[in-house]
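S.K.: Pasting in a structure now, in structure tokens, and then I'll have a few things to ask.
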């Protein structure tokens, strides 16, 4: 199971890694993206989700998703 | 269930705590066990011996380094006075004596559940690579140094930063060669040689507490991560986790060593790689955490020793928080004086009827 798949995420954005004990707090958009990744969405689908749910322009959503994925890779979650 | 008299050491519930209070609380959690708990202390100010809601009576012991004969004789006195059935030692300094004299204690009617002397020796930090290999684990590069020439070679070979460790106690991070030399000299002065130089492994530090049955079987495991540590490196708060690689590594350790008794493995985990950095052949001070989340290892130890039904699962919820706190209590000078002058504290009223022979303390 990948790190991302095993993360436990609650409705308030609290994330817990049951294997290492690491925990994070996510804002609403980050939580939406993590859930999307856990559902297996690709980058384009994540952009669509962010655009629709948070009413942002696709260009902004693309940039935000790219940024977020870089952060996840830096944290070894992806 | 038979009534048992259990002696527990390590009742120094201080900022550098022994496991005794945690062991005693764990035993009290098992309401089916009919126990009298006897506190065994090296210092009349060990807080645990005054916790009369956990400990029924207490005795002082001589230091194990003083005289083995005196130590055994004292245990015999306590046996005659209280009917002591078994002892759960919790301090590194006393383990060699208990292991060496396990047979004699058994013949006196005092049982223990401990590893063999060869297994105990594996805890020495210079034995780590061998122990790790036998258990299918990784170990950080570890070099044993006996003089400063060897130290300088080790610094070059291991690379900075690194850890400088005493053979049994203390570990210090050194970012420069000068720091490493300073720690080496201090460890040498305090504990003697040799001194260990060890590479730093990147990853998350996870700890596992467990209990081996001496035949390769495991009577339970709990894996935790320290979230707050004291300056002495002791867990002040923690969280339960379930790292599959770590738990498998602990099972492999128990099987490979046919380990008997309690143990704690301290490892660094990086993705699936598990590096062993230390092993403690006793319960850790945080053992009550494991008991409170459903894996009561002290209770299972007693049950196994006396052929009682015993759970062996490792079923616990992850994300449970452990929070240690500081608690103030008042004891009477009379109790302290009694302990200093006679070496024993009076038994709790409820425990009096359970002492089998001899004069009641």
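The values are calculated or read from the model by the stated rules, or taken from the named source; none is laboratory data. Just so it is clear, the model here is predicted, and its values are computed rather than measured. Heads up, the Cβs are rebuilt from the backbone with ideal geometry, glycines too, and the neighbour counts pull from every protein chain shown.
S.K.: Filter region B:177-211 down to the residues that are over 18 Å from residue B:140 (Cβ atoms), touching a helix residue (DSSP H, G or I) at 6+ places or on another chain (Cβ under 6 Å) and free of Cβ contacts under 8 Å to residues at least 60 places away in the same chain and list them by number.
M.R.: Result: B:177, single match.
S.K.: If you go through region B:66-75 one residue at a time, do you hit one that is at pLDDT below 95, surrounded by fewer than 21 Cβ atoms within 10 Å (Cβ to Cβ) and touching a strand residue (DSSP E or B) at 6+ places or on another chain (Cβ under 7 Å)?
M.R.: no
S.K.: In region B:238-250, what residues are within 9 Å of chain A (Cβ to nearest Cβ), buried (at least 19 other Cβ atoms within 10 Å of the Cβ) and assigned to a helix (DSSP H, G or I)?
M.R.: Result: B:246, single match.
S.K.: Among the residues of region A:3-19, what is the count of those that are in a loop (DSSP other than H, G, I, E, B) and either free of Cβ contacts under 8 Å to residues at least 60 places away in the same chain or within 11 Å of chain B (Cβ to nearest Cβ) (or both)?
M.R.: Residues of region A:3-19 that are in a loop (DSSP other than H, G, I, E, B), as a first pass: A:7, A:10-13, A:17-19.
If we keep only those that are either free of Cβ contacts under 8 Å to residues at least 60 places away in the same chain or within 11 Å of chain B (Cβ to nearest Cβ) (or both) too, we end up with A:10-13, A:17-19.
So the count comes out to 7.
S.K.: Which condition number in (1) over 30 Å from residue B:89 (Cβ atoms); (2) crowded, with 20+ Cβ neighbours inside 10 Å is the one that residue B:119 fails?
M.R.: (1)
S.K.: Moving on. Assess whether residue B:213 counts as being touching a strand residue (DSSP E or B) at 6+ places or on another chain (Cβ under 9 Å) and either within 12 Å of chain A (Cβ to nearest Cβ) or at pLDDT below 90 (or both). First the steps, then the outcome.
M.R.: Numbers: touching a strand residue (DSSP E or B) at 6+ places or on another chain (Cβ under 9 Å): yes; either within 12 Å of chain A (Cβ to nearest Cβ) or at pLDDT below 90 (or both): no.
No; evaluated as a whole, the condition is false for this residue.
S.K.: Just checking, which of B:253, B:289 is within 14 Å of chain A (Cβ to nearest Cβ), within 25 Å of residue B:18 (Cα to Cα) and crowded, with 24+ Cβ neighbours inside 10 Å?
M.R.: B:289
S.K.: Then there is this: Output the residue which, of all residues in region B:216-227 that are within 14 Å of another protein chain (Cβ to nearest Cβ) and modelled with pLDDT of 95 or more, is nearest to residue B:301 (Cα to Cα).
M.R.: Applying the first criterion (within 14 Å of another protein chain (Cβ to nearest Cβ)) to region B:216-227 yields B:222-227.
Okay, now just the ones that are also modelled with pLDDT of 95 or more, so B:222-225.
Working: B:222: 15, B:223: 18, B:224: 20, B:225: 24 Å.
Ranking the qualifying residues of region B:216-227, first place goes to B:222.
S.K.: Checking the structure you have, find out if any residue of region A:20-34 is at pLDDT 95 or above, part of a helix (DSSP H, G or I) and either within 14 Å of another protein chain (Cβ to nearest Cβ) or in contact with a strand residue (DSSP E or B) (Cβ under 8 Å, 6 or more places away or on another chain) (or both).
M.R.: yes
S.K.: If we scan region B:21-41, do we find a residue that is modelled with pLDDT of 95 or more, closer than 28 Å to residue B:275 by Cα and under 16 Å from the mean Cα position of the chain (by Cα)?
M.R.: Taking every residue of region B:21-41 in turn, at least one turns out to be modelled with pLDDT of 95 or more, closer than 28 Å to residue B:275 by Cα and under 16 Å from the mean Cα position of the chain (by Cα).
S.K.: Which numbered condition in (1) farther than 30 Å from residue B:175 by Cα; (2) away from every other protein chain (no Cβ under 13 Å) is the only one that residue B:276 fails?
M.R.: (1)
S.K.: Of everything in region B:228-237, what is within 14 Å of chain A (Cβ to nearest Cβ) and either buried (at least 24 other Cβ atoms within 10 Å of the Cβ) or touching a residue at least 40 places away in the same chain (Cβ under 8 Å) (or both)? Give them in sequence order. Reasoning before the result, please.
M.R.: Here is the first cut: in region B:228-237, the residues within 14 Å of chain A (Cβ to nearest Cβ) are B:228-229, B:235, B:237.
Selection gives B:235, B:237.
S.K.: Something else now. Restricting the search to region A:53-70, which residues are surrounded by 12 or more Cβ atoms within 10 Å (Cβ to Cβ) and either assigned to a helix (DSSP H, G or I) or within 11 Å of the chain's Cα centre (by Cα) (or both)? It would help to see each step written out before you state the result.
M.R.: Quick first cut of region A:53-70, residues surrounded by 12 or more Cβ atoms within 10 Å (Cβ to Cβ) only: A:53-54, A:56, A:58, A:60-66, A:68-69.
Hits for region A:53-70 are A:53, A:54, A:58, A:60, A:61, A:62, A:63, A:64, A:65, A:66, A:68, A:69.
S.K.: Next question. Can you pull out the residues in region B:257-283 that are surrounded by fewer than 24 Cβ atoms within 10 Å (Cβ to Cβ), at pLDDT 90 or above and not in a strand (DSSP E or B)?
M.R.: Those that are surrounded by fewer than 24 Cβ atoms within 10 Å (Cβ to Cβ), at pLDDT 90 or above and not in a strand (DSSP E or B): B:257, B:258, B:281.
S.K.: A follow-up question, please. Checking residue B:208 against (1) more than 14 Å from chain A (Cβ to nearest Cβ); (2) under 21 Å from residue B:273 (Cβ atoms); (3) assigned to a strand (DSSP E or B), which test does it fail?
M.R.: Result: residue B:208 passes all but (1).
S.K.: While we're here: Right, residue A:59: in contact (Cβ under 8 Å) with a residue 24 or more places away in the chain, farther than 28 Å from residue B:241 by Cβ and either more than 12 Å from chain B (Cβ to nearest Cβ) or out of contact with any helix residue (DSSP H, G or I) (no Cβ under 7 Å at 6 or more places or on another chain) (or both) or not?
M.R.: On the way: in contact (Cβ under 8 Å) with a residue 24 or more places away in the chain: no; farther than 28 Å from residue B:241 by Cβ: yes; either more than 12 Å from chain B (Cβ to nearest Cβ) or out of contact with any helix residue (DSSP H, G or I) (no Cβ under 7 Å at 6 or more places or on another chain) (or both): yes.
No, not satisfied.
S.K.: If I filter region B:1-12 for residues that are surrounded by 16 or more Cβ atoms within 10 Å (Cβ to Cβ), within 19 Å of residue B:287 (Cα to Cα) and at pLDDT below 95, do I get at least one hit? Spell out the reasoning first.
M.R.: As a first pass, look at region B:1-12 and keep what is surrounded by 16 or more Cβ atoms within 10 Å (Cβ to Cβ): B:4-12.
Subset that is within 19 Å of residue B:287 (Cα to Cα): B:6-12.
With at pLDDT below 95 added as a condition, the list becomes B:12.
Yes: region B:1-12 contains one or more residues that are surrounded by 16 or more Cβ atoms within 10 Å (Cβ to Cβ), within 19 Å of residue B:287 (Cα to Cα) and at pLDDT below 95.
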